Structures are given as structure tokens and as C-alpha cells.
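Worksheet for the structure shown next.
The values are calculated or read from the model by the stated rules, or taken from the named source; none is laboratory data. What you are looking at is a predicted structure, and each value in this text was computed from that prediction instead of being measured. Cβ atoms come from the backbone with ideal geometry, glycine included; neighbour counts cover every protein chain shown.
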Amino acid sequence: MPQTLAQKIIARAAGRETVRPGEVVTARVDLAMIHDSGGPRRVEPILRELGVGLFDPAKVVLISDHFVPGDTEEGARILALTRDWAREKGVAFHDGEGICHVVLPERGHLRPGMFVVGGDSHSPTGGAFGAYMFGIGATEMAGVLATGEIWIRVPETILIEWTGTLSPGVMAKDIMLALCGRLGMDGGRYQAVEYTGSAIAALDMQERMTLSNMAAELGAQTGLIAPDEVTAAHVTAAGGDPGDWQGLRSDPDATLVEHHRFDAATLAPQVAAPHSPANAMPVTEAPETAIDIAYIGACTGAKYTDLKAAADILRERKLAPGVTLAVAPASRRDQDRAAAEGIMGVFEGAGARILPTACGICAGYGADRLAPGTTCLSSTARNFRGRMGDPSARVWLASPMTVAASAIAGRIADPREFLGQAA
Amino acid sequence: MTGRIFLLGDDIDTDQLAPGQYMRGGIEAIMAHCLEAVRPDFASSVRPGDILVAGRNFGLGSSREQAAEALKRLGIAAVIARSFAGIFYRNAINLGLPVLTAPSLDGVQDGDMAELDLDAATLSLPERGLTLQLDPLPGNLRALIADGGLVAHLKKRFARETGGS
Ligand code: SF4
């Protein structure tokens, strides 16, 4: 029976030759990722109640990001508890080194073909590496940590194909906003999305991660990209072993539930109006909108590639009067690399505020939150009312390039107006 | 079980169920503000046994299971919707909160008294002379809910494993 990539990975994890979409199977996880918010403080009481320890500490990775830098009393307490738990359990722990979805592959934890759960809704990000990774809640995570197993309904596969080449000024984020607008936030129907096509193959790993990351906004369980040479090289460089990845692709005659085709060449930069990523439109059709805050942050929009793209627009330019640009790099390593290449200097030169490498305003858990009535243009994944601050704040979403262009213009602006011409 | 219907629209997200600004506090703070953006009277007027009926994609958003926990702790007997976001759906089952889909929820009105039969997968509205057929839950998920959620289910399993050795 021909199998999709999703079926192949799940079958292997479930100890089966093949699996059929719709059947509920029990699979063994290769890795479980948890963070400070949904992790120790919520799973430990359940593990205690069950009276068991971790199924395998070597297969658990803990990352602190949501409450970093601990600038509230509660946040500081949660971080302390997280650190104690990491020491006690002996799991791999990345503390204040960046956002979990970015740190996990950066440290070589992810490999093609793995079956992975994460205690966070953007866990589909791991799909960019050809791993079946999806998000679960804390109770379910406690069950996984106790048993190493989880039930899963084998998903159908929705193939999303982008042919052609993206134009200058257009990024993976624009692909995802366009898809959210076109397919809606339940378009993924909690099935597996698989991205394919020449435009996808041409993307670097961090751009691919943006696609998989926002499979969450499509309502898919995961967002897979079959591994290729780019994946293998990236995993190797991160200190991982890509293993035998060549067979990790959907069979040509595997059953697809939907197959969408799009032409990358005709895609314009996108923005999504408050309060849903599905309110997407080409930036050229956006109403005249003055902004107070431009935010380049999150696992979705502040990786090295995102920072570089934004800096290319900002270089030698200044922020519009009255506009705050806040930049929260997605990981320490990405920030260090950006600093070494002068990218952080571009932000500083333009007058940006540099925030800690953490979830920051995206999670809205810390002291930094959007004030009442603020209009923000953000490179993050979601703009639900009240998420990043006061419910009266209005958050628009865009690519890091569009955020940078708008910070210069003081209003939502097309990054293509700033390409290739010196300030 | 019998309860009053709270009727909600499409796309009720986890920030409406468990507002981000109360996530630092405990579950009581979240419960007090649950759904306040769409139903300011919800937390103060909900009674144990009440039923949420909603449109498409209920529970979209983050993986925070306080979204399901707040509903369960407020006494919601079940959430019935046209469709659910996957993570919320899993969380609810794992916390023992029944979540059911239905092909049609036409005719249900806010404030109706309703009787839910989980085994038969029906929702009856006696005042309207209406009985809606719901999609039955798969057997293994019904077992999880019947045990009271994943933790209780695992406790049983571990007790069996140690007891049987
Ligand atoms: S940066 Fe935002 S989207 Fe990413 S893990 Fe943190 S809170 Fe979630």
C-alpha cells in the first residue's frame, strides 16, 4: 500500500508496516520537548500523582522561553522551579538560549523521520526537518513522559504545492498568511499538511520552519516538508545525524485528501488584519494604517534569516517619528550570528529596542505587553485579541521585511518599495 | 444529564477561554475571566451541568489546556460544536471533558434546557420537541472520559501493572 510521509513515520513509531488514515494507533515517541510554561510546573504534579518518573530522560528536552527573563515575580518563580526540575531529572536543558522551536533543531535534537511531541502549539515547526512533530497539552505530556507513548489518529495528508519562485521582498511568512486567508484557520482540519514544490525546495531551513510553524494557524496537526540535501546538511551542521533520509517522502501514488497548487511568482507581500491570521490580504490592498509598534519577534519571525531580511530593508534608514521597533531575536545563537554580521548593529542604528531572546510580547506573559489602543505590526504567528496585551490593542501580522518597511514608513508599507535602493 | 445551553459562534479561541493576561495566575483567575470577551456574564452565571454549543473550530489557538480545564471546573458538562481545533479536542478528552461534534446544530437557542445522552450521542431539547443526533465518540476515547480523563486512566493502568506482577 503506498504511504504518505506522515503514514511512514507514524507506522514506524507504532511498530507497524503500514497504517491507514483514520485508524487510532499507539505510537512510541522518539523525543518529547517541553518548555517552562507547560512543562515542569504542570507535568510534575501529575507525575507525582501517578507515582512514576520519566520514561527516558535522554528523550526529553526542556527549554525555558515563555517566562524568560523572569521580569515578574510569578515568572521568576516558574523559572526557578523549571531549573530545579531540570537538575533533578537530568534532562537536556536549554535555559534562556532562545525559543524552543528554534533551539531544538539548532542543537541537533531533531532528525528526519522522528516522531516527536512538543508541549506547545507551534510544535509542527519540527515538520520542516521531516519529523512528525505536533503539539499536546500538559496532561497529555505527563502521560507521554510517564509511558513514552501516545494515541494518534492517523491523519490524511493535504498536499500544498508552491511552484515557481518567490519574488524579492516576499517571504515564507507571506506564503503562510496567504494560505491562512485562502484555506482558513481550520483548513488543515487537524490533518497533516505537506509542503512541496520548487518554491519550497528553494527555501533555506529557517524559512521552511516558518511554513511548518504556521501549519498551526491552518489548524493542521503538523506541517511536513520531505527532507532533502538542504535538510541533511543543516542537521549535520547542527551536530545531528540526518540518518537514512532518502526514503522519507510520500510515495507518488499515495492517497491525498486535498492537493492545492499555487504560483509563488504571483504572490505579493501579505498582511493580516486584527484579530485573525485568516484576515490576510496583499499589502497593496491594506487600508492606510498608522502603526505605533513594529515587532520583530517569535519563533515565527525572528530567526537569523528573518533578522537578516529585516535588516536588509532597514540598513541606513531611520524609524518613523513616534514608532517603536522592538526586536526579540529567536535564539541566542541567531542573535550572535546576526551581531557578528552587523545585522544587530543595523537595528541599533535605526533606533530599535532589543529585547531578550525569548517569547516576549508574543506570549504576553511578561512585563512587556501592548498598551491599550496600540496598533502593532508584528512578525509573529497570531494576532488574537488580547494575546499580546490589552484587548483594545490592534495587531496586524506581516513578514519581518514588511514590519521593517512599515517601521520606516510609520504606516503599513510594501517592503518592495525599499528594495535595492540606498536610503 | 440536564443543563442550560450557552450558545457561542465560530472560532472561539484559547485566548477567549483562558485569557493570556491571567495565565500567570492560577486556574481560579482564569475561570473568573473565561469567555468574558464574548460572554461577559459567563463565569458568573454558569451552573454545573450547563452545556456549551458552538460553531466551527472551537478551541483554536494555543495548547494551553487551562482552556478546557476552566470549562470543566466551571461545571460545563460537555462542549458540542460543528468542529474542534485538534489540540483543544485532545486536551478536553484527556481532562475528561466530553467534546462532541454534530453534523447540524440548527434550532438550538441560547438559554434552552437540554438533556445530553453521551452513550446514545443525542442532545434533546424538550421545550422545542427537538432531538439532535451527535457524532458518537470512538470507543477508546469514551473509555478515557469514563475513567475521568488520562490521569485517572493511567492510574488504573499502573495499578493493574503493579498489581498483576
Ligand atoms: S514565540 Fe510566540 S509562537 Fe513561538 S513559542 Fe513563544 S509564544 Fe509561542
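Brief remarks on what is shown
- Flag for A:GLN421 being away from the ligand (no atom under 13 Å from the Cβ), more than 14 Å from chain B (Cβ to nearest Cβ) and at pLDDT below 95: yes
- Residue pairs whose Cβ atoms lie under 6 Å apart, separated by 6 or more positions or on different chains, with the first residue in region A:285-305 and closer than 21 Å to A:GLY322 by Cα and within 12 Å of the ligand (Cβ to nearest atom) and the second in a strand (DSSP E or B) and of a type outside the set (Gly, Ala, Ser), are A:TYR295/A:CYS376; A:ILE296/A:VAL327.
- Verdict on A:GLY108 being more than 16 Å from the ligand (Cβ to nearest atom), more than 14 Å from every other protein chain (Cβ to nearest Cβ) and surrounded by fewer than 21 Cβ atoms within 10 Å (Cβ to Cβ): yes
- A:SER378 passes every criterion in (1) out of contact with any strand residue (DSSP E or B) (no Cβ under 7 Å at 6 or more places or on another chain); (2) within 11 Å of the ligand (Cβ to nearest atom) apart from (1).
- Residue selected from region A:344-388 under the condition among the β-branched types (Val, Ile, Thr) and part of a strand (DSSP E or B), by the criterion farthest from A:PHE67 (Cα to Cα): A:THR375
- Conditions (1) more than 14 Å from the ligand (Cβ to nearest atom); (2) in a loop (DSSP other than H, G, I, E, B); (3) within 17 Å of B:SER62 (Cβ to Cβ); number of the one not met by A:VAL117: (2)
- Filter result for A:VAL230 (outside any strand (DSSP E or B), touching a residue at least 24 places away in the same chain (Cβ under 8 Å), closer than 13 Å to A:ALA131 by Cα and among the aliphatic types (A, V, I, L, M)): no
- Screening A:ALA358, A:ALA338 for residues that are farther than 21 Å from A:ALA413 by Cβ, away from the ligand (no atom under 16 Å from the Cβ) and either surrounded by 15 or more Cβ atoms within 10 Å (Cβ to Cβ) or in the same structural domain as A:ALA405 (by TED's automatic domain parsing) (or both) leaves exactly one candidate, A:ALA338.
- Of residues in region A:56-78 being within 14 Å of the ligand (Cβ to nearest atom) and either of a type in the set (Ser, Thr, Tyr) or facing chain B (nearest Cβ under 10 Å) (or both), the one surrounded by the fewest Cβ atoms within 10 Å (Cβ to Cβ): A:GLY75
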